[in-house]
Structures are given as C-alpha cells and as structure tokens.
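The values are calculated or read from the model by the stated rules, or taken from the named source; none is laboratory data. Given the structure is predicted, the values throughout are model-derived calculations rather than measurements. Virtual Cβ from ideal backbone geometry, glycine too; neighbours counted across all protein chains shown. The protein model used for the area step is the full one, side chains on, heavy atoms only, and it has no ligands, DNA or RNA in it. Shrake-Rupley method; radii C 1.70, N 1.55, O 1.52, S 1.80 Å.
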Amino acid sequence: MMGSESYLGFEPSPATREEMETLALGDGEDDPFHSSMSSLSAVPATADPLLSPPDPAPSSSFLDPPAYADVAFSSPNGSGSSSGSPPLSRNPSALLNHRLPIEYSKITVSNPQKEHEPAAGNSLVPGSGTFVTYLITSRSLDAGSGSGEISVRRRFRDVVTLADRLAESYRGFFIPPRPDKSVVESQVMHKQEFVEQRRSALEKYLWRLACHPIIGRSDELRVFLRVQGKMPLPASTDVASRMLDGAVRLPKQLFGEPGGGYVAPQEVVQPAKGGRDLLRIFKELKQSVTNDWGGVKPPVVEEDKEFLERKEKVQDLEQQLTTASQQAESLVKAQQDIGETLGELGLALIKLTKFENEEAMYNTQRIRAADIKQVATAAVKASRLYRELNAQSVKHLDTLHEYLGLMLAVHSAFSDRSSALLTVQTLMSDLSSLHVKAEKHEAASSRIFGGDRSRNRKAEELKEMIRATEDAKNCASREYERIKENNRSELERVDKERRADFLAMLKGFVVNQVEYAEKISNVWSKVADETSRYVRDSI
C-alpha cells in the first residue's frame, strides 16, 4: 500500500496545509474549486479518510496517500460532495455499482460500544475483559420476512461464527473472506482507529455476503442480520477443544471398539482438519503422501480437464491482478504527489506575492505581483483538481483490489474440492483394505471345522465396517460432486461479473481522466490568456 506523506522527503506541515486550504482564491465561497474540496478538507491529516466521516469545519484537504481501497471521494461531476456526505464505506455498493443484494436494500454497521465480559474477573491483560459490539441495521426486500429496518447488536466473535457456519454449509462457493482477527486485539481495542477500521471492514464484508447470489439468500445470513437478541447460530468450537475430543476418541478407534473404527456418513461432508477425528486426519495424510510419492495411481483422481485449465487461468489472473494493483497504487501515489507539490508551489508563490506587494516601490512591481498571484491561484486550483482526480481514480481502480481479495475465496473453494477428493480417495482405500481383510478372514475360517464363535463375531464386525464405510464413501462422493458443481457455477458467475466490472472500471477511469484533464487545462489556459501580454511584449 501507499507510504506516508514523507515519501521522497516531502512532508508539508499541518500549519502549511491549513493555510493553503483556507486560502481565499478570489472567487468566493461559491467557487466550484472551493466547494469541490470541502468534503476532502474535513478529513484530518492523521485520520483514515475511509473511516472518519468529514466534519463540517474544514481543516486540511491533503489526504494521506491512501491504500486505494480506503479513501473518501467527491462526486464524479466535479461539483464535490457536501461536508456532511458519507465516506465510501457508508455505501459499499459503490464498490461494484451495478450489483446490488438480492434480499436486502440496506446493511450498515455503526455505533460501536464497549462492553464487559460477564465473568472476566481481574484479568492481568489490559482490555481482555472487554469487547466491542456493533449495531447492525438491515432492511429486507422481502415483505414476508418482516417490515421496516431491524437492528441487532453483534460482536466480532459472532461474525467468526457466521463465517464458520457459511464455510461448512456452502463448500465450493466463493465465499467472501471475513476480516482478520487481530492477534493484539485486546491491547488495541480501546483505540478508536482500530474500532473504526473493524466497523468499516465488517460493513463491507456483510455487503459482499449479501451481494452473493447464494449466500445472500442463506438462512445463516438472515439469522445473523434479522434475529434480535443473542446470536442464535451455534458458536464455533476452538481448535484446542476439537483436538481434545479427537484425542479422547482415538483409543476407541485404534483398539476397535464398536462404532469407533469407521467414519460416520454425516462426518465426511466436512473436512478432516477440524480435529475431532484424529484417525481420519492421519489416514488422509497417509493417502496424500501416497498420492504424491507412492507411485500408485489413486482409485479416483481429478479428471476434469476443463477445471484444471481454468484453475491455471485463475492462477495467471491472480498474478496479473497483483501486478496491475501495484501499478495502480503507483499511479495513485504519483497523482497524490503532483497535487501536493502544486499546492506547495501555489502557496509559496502567494507568499512571494505578499512580499512583492509589501516591498514594492513601483507600479510595475505590483503588476508583476498580481500576475504571480494569478499563477499561484491556478496552481492551488490545479492541486485541488488533482486530488479530486486521485480520489476518483481510487474509486474506479479499487475494482482491481476487490478481485485480488476475491482470489482468497477462490483458493478456499478449490481447497474444499481437493479436500473432498482426498476424503473419497481415503475411504476407497479403506474399503479396499477392509475387503481384503474380510476375504482373508473368511479363508481362515473355512479351514476350521464347525466354525468359531469369536471368528464369526469378527466377520460380522468386518461386514458392518464395510457397510458403514461404503455408506460414508457414497456420501463423500456426493459431496465431492456437489462441490464440483458449485465450483463450476461460481467460475462462470465470476467470469461474467468480471467482464462487466472491468468494463465499468475502465470506462469510469478514462472518463474521469479526460474530464479532469480538461478542467486542469482550462485553469492554466485562463492564466495563459491573462498573462498573454508578456508574449506580445517579447515579440
């Protein structure tokens, strides 16, 4: 992302910024160049412009060089937004303007409040006994699901639970990734910047979920947004607890206790990495090593050539998006520097004008000072236009950043597919081993006259394990096919949406470049006309 304003040694002081932005340009408050910067000037130099709604009183129009997903911007027509207009994060649909949620007309996250854990006690870690809840307001488009807006309070732990439930129920779909959980959250939670960043990230995350054609209709999302009171979805079990459950279950599996030696059909629809079945984890790890190094072809392999080709194209796309995103950030930084440098030049020339007027002894000096002021005024106006252009460039080029983030969801969906295939391969190997054991046991039993009660019981146990493993294999195969279909439909959806999104991005970017180039050209053309006598005098 972008560096700080001290990039290349340029760091205008706050006093200088304030002086330039409150500078009267001689056109009055109705000057479009003045009004167009009113909303930008309300963002403090040290604040994140995405997270801090502009204040009515102007302070500085210099934006910190933005990570171009995080910037406030004025309207595309150049007239600017009012000082009370909301930042980009208040309207997440602006990220991809032509796509709206299917089920919801409004989703906002606001009013963060710090609360205390009921049984936190006297914690030695500062802030560990508190958490922040957010007011999540949604309006449904479905009249049957409740009229009007509904507001619920949720904490970040509830968001983690929602993400886990969606990952379990919608394997193979490109589910937007949730915001990361900070490892030092308890220490920084009291800081307003952290809370605002999380609020903005949560709002974007929920909006992306609502815009997904499948996730947006899910019961999990509806319950999260619309059911008041405590979060009704079952909470996620931490990894340590799952591993402990798996360790308790492992001896039963190893020593062949009834029901412990095989995987239940309802468990194979979820990946083994959850930790509750350590034996299954070990078996799938062994199967993975055998696939890679055993030299034996697995009983079933990924044979969808179209998918493998599209997977390679997705990897190439990610590389191209990374390069394009880096270049877009360079462009944003360059435009930022141009705007700042022009503003500093204009302010320096105005100070020079003041000096010339105070020390002038002849009218020619005063005339020259007036001409310098015209150039200075044009430089300040051009500076403001460059920063408006930069904010608009951020708005449009953010599409690259959005799709780069989507690659995480794509990789996760592909991982679901690989995990499901590995489960099928492992169960088929287990089934083959069980059949071999059953045949050997039957051959050994046939040599004993009259049979053996213990051997008969062992034969029944093997048959039961074969039956259960067969059921689990069939269930895993259906889950694998379902994930394959989800991958296919999602790839088609993203390809179609990407074409429309990139077209809108390029059109908007080009239109803004042309529009602001004309405005900047007009500023300098006016100065050239007003100072044209110098050209005539030199002839």
(1) crowded, with 19+ Cβ neighbours inside 10 Å; (2) under 22 Å from the mean Cα position of the chain (by Cα) all hold for L427 apart from (2)
Of the residues in segment 320-330, those that are in contact (Cβ under 8 Å) with a residue 60 or more places away in the chain, within 23 Å of A391 (Cβ to Cβ) and out of contact with any Phe, Trp or Tyr (no Cβ under 9 Å at 6 or more places or on another chain) number 1
Cβ pairs under 8 Å, 6+ apart or interchain, first in segment 498-523 and touching a residue at least 40 places away in the same chain (Cβ under 8 Å) and farther than 24 Å from S383 by Cα, second assigned to a helix (DSSP H, G or I) and among the aromatic types (F, W, Y), ordered by first then second residue, are R498/Y403; D501/Y403
Of the listed residues (V300, V375), the one being open to solvent by 20 Å² or more (accessible area, probe 1.4 Å) and part of a helix (DSSP H, G or I) is V375
So, first residue in a strand (DSSP E or B) in segment 91-113, second residue at pLDDT 50 or above and surrounded by fewer than 18 Cβ atoms within 10 Å (Cβ to Cβ), Cβ within less than 6 Å, six or more apart or across chains; the pairs are S105/R139; S105/L141; K106/R139; T108/T137; S110/L135; N111/L135; P112/V132; Q113/T133
- prompt: Is it the case that L404 is part of a helix (DSSP H, G or I) and open to solvent by 30 Å² or more (accessible area, probe 1.4 Å)?
  reply: yes
Exception for S140 within (1) open to solvent by 30 Å² or more (accessible area, probe 1.4 Å); (2) of a type in the set (S, T, Y); (3) modelled with pLDDT under 90 falls at (1)
Every listed condition ((1) open to solvent by less than 40 Å² (accessible area, probe 1.4 Å); (2) in contact (Cβ under 8 Å) with a residue 40 or more places away in the chain; (3) closer than 30 Å to N456 by Cα) holds for L434 save (2)
Residues of segment 340-351 being of a type in the set (G, A, S) and either open to solvent by less than 40 Å² (accessible area, probe 1.4 Å) or touching a Ser or Thr at 6+ places or on another chain (Cβ under 9 Å) (or both), in sequence order, are G343, G346
If we ask which residues in segment 303-313 are open to solvent by less than 70 Å² (accessible area, probe 1.4 Å) and either assigned to a loop (DSSP other than H, G, I, E, B) or of a type in the set (D, E) (or both), their number turns out to be 1
* Asked: Just to be sure, is D337 surrounded by fewer than 22 Cβ atoms within 10 Å (Cβ to Cβ) and without any contact (Cβ under 8 Å) to a residue 12 or more places away in the chain?
  -> no
In segment 481-539, anything hydroxyl-bearing (S, T, Y) and modelled with pLDDT of 90 or more is listed as S489, Y516, S521, S525
Check on V159, farther than 15 Å from V109 by Cβ, modelled with pLDDT of 90 or more and either in a helix (DSSP H, G or I) or not basic (K, R) (or both)
no
Can you find a residue in segment 479-493 that is part of a helix (DSSP H, G or I), open to solvent by 20 Å² or more (accessible area, probe 1.4 Å), among the hydrophobic types (A, V, I, L, M, F, W, C) and in contact (Cβ under 8 Å) with a residue 60 or more places away in the chain? no
Being in a helix (DSSP H, G or I) and buried (at least 21 other Cβ atoms within 10 Å of the Cβ) narrows R366, R387 down to just R387
Of the listed residues (L347, L317), the one being assigned to a helix (DSSP H, G or I) and under 24 Å from R384 (Cα atoms) is L347
Notebook entry, point to check: Quick one: is E358 more than 28 Å from S525 (Cβ to Cβ) and charged (D, E, K, R)?
Noted result: yes
